[in-house]
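K.L.:
Next up is a structure, given as C-alpha cells.
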Amino acid sequence: MTKFLLAVHVIAAIVAIGPVTVAASMFPPTARKALAAPDDAQALATTRLLHRICRVYATVGVVVPVFGFATASTMGVLGDTWLLVSIALTALAAVVLAALVLPRQSAVLEGAGHRAATVQLAMFTGIFNLLWATVTILMIIRPGSTTGA
C-alpha cells in the first residue's frame, strides 16, 4: 500500500504542481505584453488561460498533501523533522499562491495591473516556486533515508 500511495503522491505532485509553477511563471511576462499592447487579443487570451491554469491546478493540487499525509502515515514518518519542515513549507507555498499570486493575477486581468504590479507578482511567483523546489529537495534527500542517496 505504501508504494501505491507514494506513487499517487508523486504523480499528483507532477501533474498538479508542475502546471501551476510553469503557468504562474509565464503569467507576469505575458501580462506585461498584454498591458503594453491593450489591443492584442491573443496576449490577453493567453494571460487569461494562464490564470485559469493556475486556479484549476491549485485546486487539484490539494490531493498532493492528502496523499503525502497518507504515505507518511504508512511509512511511520509523520513526526520526522524533514517531513514537518516539508509540511510547513507546503502550507506556506499554498498561502503564497492563494493570498499573493492568484489575487494579483486576477487584479491584473481586471485592469488594475501595471508594469510594477507584474514585477511584484513575478517576485511572489518566484517565492512560491522556490518553496516548492525546497520541498521537492527535502522529499528526495530526506534525512535518515534508507535509499542511501
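K.L.:
G61's amide H: which non-local residues (gap 5+, or another chain) put their own amide H closer than 5 Å, with H modeled 1.01 Å from N in plane and none for Pro or chain starts?
P.N.:
none
K.L.:
Same structure again: Can you give the calculated 222 nm mean residue ellipticity of the chain, where each DSSP H run of n ≥ 4 adds -39,500 (n - 2.57) and the sum is split over every residue, rounded to the nearest 500 deg cm²/dmol? Can you show the working numbers first?
P.N.:
Details: 7 runs with 111 residues, N = 149.
Rounded to the nearest 500, the figure is -24500 deg cm²/dmol.
K.L.:
Would you work out the charge dipole size for the chain about its Cα centre, treating the Cβ of every Lys and Arg as +1 and the Cβ of every Asp and Glu as -1, and quote it to the nearest 20 debye? Could you put the intermediate results ahead of the total?
P.N.:
On the way: 9 positive and 4 negative charges, 19 e Å.
The calculated dipole for the chain is roughly 100 debye.
K.L.:
Can you list the equivalent-ellipsoid semi-axes of the chain, largest first and in whole Å, using the square root of 5 times each Cα gyration tensor eigenvalue?
P.N.:
Working: eigenvalues 239, 40, 26 Å².
The three semi-axes for the chain are 35, 14, 11 Å.
K.L.:
Here is a follow-up. In nm, give the distance between the simple-model label positions of V56 and V22, each being 7 Å from the Cα along the Cα-to-Cβ direction.
P.N.:
1.4 nm
K.L.:
Determine the gain in length on full extension of the stretch F69-A91; use 0.36 nm per residue of separation and subtract their C-alpha separation, reporting nm with one decimal. Write out the running numbers ahead of the final one.
P.N.:
Details: separation 22, 0.36 × 22 = 7.92 nm, distance 1.29 nm.
Computed gain between F69 and A91 is 6.6 nm.
K.L.:
Moving to a separate point now. Quick one: net charge of L49's neighbours, Cβ under 15 Å, K/R +1, D/E -1?
P.N.:
Numbers: positive: K33, R48, R52, R55; negative: D40.
Its environment carries a net charge of +3.
K.L.:
Using only Cα atoms and rounding to the nearest 10 degrees, what angle (0 to 90) does helix 2-12 make with the longest principal axis of the chain?
P.N.:
Taking the Cα atoms of the chain, the angle to 2-12 is about 10 degrees.
K.L.:
While we're here: What ³J(HN,Hα) values, in whole Hz, does the Karplus curve 6.51 cos²θ - 1.76 cosθ + 1.60 give for segment 45-61 when θ = phi - 60°, with x put for Gly and Pro?
P.N.:
5, 5, 4, 5, 4, 4, 5, 5, 4, 4, 5, 5, 6, 5, 5, 5, x
K.L.:
For a protection proxy built on the mean count of beta-carbon atoms within 10 angstrom, sort 20-27, 36-43, 60-67 highest first, please. Could you put the intermediate results ahead of the total?
P.N.:
Details: 20-27: 21.0, 36-43: 11.4, 60-67: 17.2.
Descending packing order for the listed peptides: 20-27, 60-67, 36-43.
K.L.:
Can I ask one more? Projected onto the charge dipole of segment 20-130 (+1 at Lys/Arg Cβ, -1 at Asp/Glu Cβ, origin at the Cα centre), which of F124, P65, G76 gives the Cα projection farthest towards the positive end?
P.N.:
Selected residue: F124.
K.L.:
Oh, and also: If you fit an axis through the alpha-carbon atoms of helix 18-36 and take the longest principal axis of the Cα set of the chain, what angle between them do you get, 0 to 90°, nearest 10?
P.N.:
For 18-36 against the chain, the angle is about 10 degrees.
K.L.:
For M123 and F4 in one chain, what is 0.36 nm times their gap in residues minus the Cα-Cα distance, to one decimal in nm? Show your work: numbers first, answer last.
P.N.:
On the way: separation 119, 0.36 × 119 = 42.84 nm, distance 3.62 nm.
Residue separation times 0.36 nm, minus the Cα-Cα distance, leaves 39.2 nm.
Values in this text are rule-based calculations from the coordinates and carry no lab data. Bear in mind that the values here come from a model prediction, so they are computed numbers and not experimental data. Quick reminder, even Gly has a Cβ in these numbers, built from the backbone with ideal geometry, and neighbours come from all protein chains shown.
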